[in-house]
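The values are calculated or read from the model by the stated rules, or taken from the named source; none is laboratory data. On a predicted model such as this, the values are computed, not experimentally measured, just so you know. Because the Cβ atoms are built from the backbone with ideal geometry, glycine has one as well, and the counts that use them run over all protein chains shown. These area figures cover heavy atoms from the full protein model, side chains too; ligands, DNA and RNA do not enter into them. Shrake-Rupley method; radii C 1.70, N 1.55, O 1.52, S 1.80 Å.
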Amino acid sequence: MCGIFGFVGEGGKVRDLVDALKKLEYRGYDSAGVAFWDEDAVRLFKIKGKVSDLETALGDILDLDIKGGIAHTRWATHGEPNDVNAHPHFDCERKIFVVHNGIIENHKELRKELEKRGHRFVSDTDTEVLAHLIEENYYGNILEALRRILPLLRGSYAVVAMHSDEVGILAAARKGSPLVIGKNENFCVVASDITPILKYTKEVIFLDEGETVSVGGTVDFVGLKDSVEKRIFHISWSERDAEKGGYKHFMLKEIMEEPEVLKNAMAGRMKGSKVEFEELKGWEDFLSNVEKVKMIACGTSHHAGMLFKYFIEDLIQIEVETDVASEMRYRKTKVDDETLFIAISQSGETADTLETVRKIKEKGGRVLSLCNVLGSTLTRESDRTIFLNAGPEISVASTKAYVAQVVVLLLLGVELARIKGKNIPAGFLDDLRDIHARFEEILENSNLIRDTAREFVKFRNFMYIGRWMGYPSALEGALKLKEISYTNATAYPAGELKHGPIALLDEDFPVFAIVPTDRMKEKMLNNIMEVKARKAKVVGVVTEGDDEVFRLLDHTLKIPKVHEYLYPLVMAPVLQLFAYFIADERGLDVDKPRNLAKSVTVE
Ligand code: G6P
């Protein structure tokens with residue numbers, strides 16, 4: 001969703017602001033803008049459309065030497081995407097400029113009062129109230145003015161403000177939306193995520209809830225009341241990790257990175273035939289008493305959570321509940337000492353996931369999070385965090401982070417089984433240890449998946465079916481296809497077909513069957529016969545060498561033979577690539593699908 005960047009320092013150019021916005025594009029946006037000091041005035045450029053449109057509009061100005069400025073990519077919530085509603089926004093005198101992520105919930109009341117007092121508004125946004133409120137509270141110090149208005153605001157915000165008279169000083173505040181600060185010899189930078197900061201430094205500081213900071217010659221953090229000492233985090237990601245590296249799309253690059261991702265997610269956690277999580281030290285007593293696990297997640301992360309349910313119920317026979325966080329946050333979920341809550345989030349900033357975690361924490365529940373982003377809000381609000389170590393994921397559709405989530409959950413299941421004195425089936429850990437090699441085999445043959453995808457490009461409807469652990473895979477495969485190729489793809493447990501969805505099927509409505517050689521294969525074969533009888537074309541993911549299934553399907557995508565618990569893992573890149581190739585064949589913007597955002601920071 002919206003992205004923020006700001007810098008102050010010597011030797012900077014307008015181009016630096018625009019380059020930073022390019023690094024934030026992946027979050028999803030519909031307009032972009034910059035404001036910067038030029039001598040003692042602030043110049044503003046903003047535009048509906050892409051950062052490249054803003055770049056064209058700026059032309060020669062890109063090379064102007066500046067002492068700093070602010071920049072923003074907007075994903076419209078209040079007010080349609082247009083030039084006026086794009087950020088930065090300004091006050092009546094055009095001296096104060098602000099960029100903002102989040103939502104000011106009481107903006108209507110605030111606007112009414114401000115208008116009564118003579119302020120002139122030009123946009124439909126909630127953000128503009130911030131500029132006018134700062135104007136009313138400004139007595140020569142932008143940070144103090146910002147601090148004065150915070151108690152008036154309801155909602156969530158990451159805000160960065162500048163004043164034309166205070167050249168080289170930015171003031172920032174956060175509540176519910178992240179901000180990261182970095183500093184090198186020449187520049188101080190502030191941004192809504194790490195990616196645009198990597199060019200400047202790998203040592204960063206995360207702003208905490210309710211804190212404000214002035215970014216200038218020095219970086220001074222102020223807590224709700226007093227000055228605060230901050231911890232510096234070292235980011236292991238490199239700038240290159242967040243670049244395409246010769247691939248046509250980030251999504252393809254991220255899928256190709258999966259063998260490495262698997263190794264990194266398992267590193268230090270899988271020792272011979274033992275699994276160990278440093279992160280769970282001291283929790284053994286609590287975990288041995290756990291009778292119920294409840295998963296909190298959205299989107300792809302929710303599908304990883306669903307897989308855990310099937311796995312754990314099979315391995316340990318404890319109950320696992322899964323629900324999307326947008327529902328769970330409004331339910332009266334029981335919290336007790338025997339329940340472990342697991343929050344899964346690539347970004348660690350998904351609003352519904354965070355709000356559910358807060359509710360559980362308020363009731364005294366214990367939350368373990370699985371997250372890919374160091375310093376993200378989720379990692380700071382959970383009791384314990386297991387990092388996914390997947391590296392930056394830029395493409396909106398999650399791929400490598402999902403693979404890392406699934407493998408970490410499998411390891412976690414093994415650890416829980418050990419704590420609870422349960423046996424791990426023979427062969428499973430051996431296959432898990434070498435799983436990266438199976439991924440390499442699949443990825444080397446990605447051209448076969450592309451050829452199959454080409455056969456199906458013309459279809460606008462798809463039904464994914466699977467059973468048991470194949471069902472979450474079906475859901476995830478369908479989600480990938482709809483996200484990036486805008487195909488109407490639904491997913492059902494194959495046993496449910498006859499209760500309604502089978503009515504949809506005919507020769508124009510193909511079925512994607514998840515049919516590995518697992519305990520449900522025979523049942524799946526029956527379901528495939530049912531759909532074939534309705535003349536639906538069937539493409540399926542099948543285990544290498546399983547000729548019985550091979551003969552039945554119109555098209556097959558092969559996965560290597562592994563322990564049945566591992567099929568959801570090895571089929572992930574196949575489902576991802578199938579969706580990728582269909583979207584690419586259609587010439588779509590794979591990395592930034594319409595209407596979607598990478599990090600959904602509003603409800
Ligand atoms: C957005 C993304 C999805 C992602 C979901 C949850 O909708 O487009 O790819 O699965 O958010 O994100 P999280 O960062 O919490 O895993």
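Summary of values
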read-out: Value of relative contact order over region 399-519, rounded to a whole percent, pairs C-alpha under 8 Å and six or more apart; value: 24
read-out: Residue-span extension gain [Tyr139 to Arg551] - 0.36 nm each, minus C-alpha spacing; value: 140.5 nm
read-out: Inter-probe distance in nm under a simple model that places probes 7 Å from Cα toward Cβ, at Lys263 and Asn461; value: 4.6
read-out: Order by protection proxy (mean Cβ within 10 Å, highest first), peptides 48-55, 258-265, 125-132; value: 125-132, 258-265, 48-55
read-out: Tail weight of P(r) past 48 Å, computed on alpha-carbon pairs of the chain, percent; value: 16
read-out: Entries in Lys309/Lys482; Lys498/Lys523; Lys248/Lys400; Lys13/Lys598; Lys23/Lys50; Lys263/Lys294 that, when Cα-Cα distance is taken, lie over 21 Å; value: Lys309/Lys482; Lys13/Lys598; Lys263/Lys294
read-out: Net charge over other residues, Cβ less than 9 angstrom from the Cβ of Val98 (K, R count +1; D, E count -1); value: -2
read-out: The chain, accessible surface, carbon-and-sulfur percent (1.4 angstrom probe); value: 46
read-out: Region 475-529: GluC sites (Glu not before Pro) falling in loop per DSSP and having at most 14 other Cβ within 10 Å; value: Glu507
read-out: Mean residue ellipticity (222 nm) of the chain, computed from DSSP H runs ≥ 4 via -39,500 (n - 2.57), nearest 500; value: -10000 deg cm²/dmol
read-out: Neighbour cut-off at most 15 other Cβ (10 Å), DSSP loop, trypsin sites (Lys or Arg not before Pro), region 333-409; value: Lys334, Lys363
read-out: Between region 26-76 and region 483-529, the Cα center-to-center distance that results, in Å; value: 48
read-out: Under the span-like rule (Cα at least 24 Å along the axis, Kyte-Doolittle mean at least -1.0), DSSP H helices of the chain; value: 299-315, 400-419, 567-585
read-out: Listed peptides 144-150, 315-321, 392-398, 112-118 by packing density, highest first (mean Cβ within 10 Å); value: 392-398, 144-150, 315-321, 112-118
read-out: Exposure rule at most 13 other beta-carbon atoms within 10 Å, DSSP loop chymotrypsin sites (Phe, Trp or Tyr not before Pro): the chain longest free segment; value: 331-603
read-out: Alpha-carbon centroid distance for the pair region 155-187 / region 563-603, whole angstrom; value: 34
read-out: Residue-normalised accessible area of region 329-452, given per residue in Å² at a 1.4 Å probe; value: 34
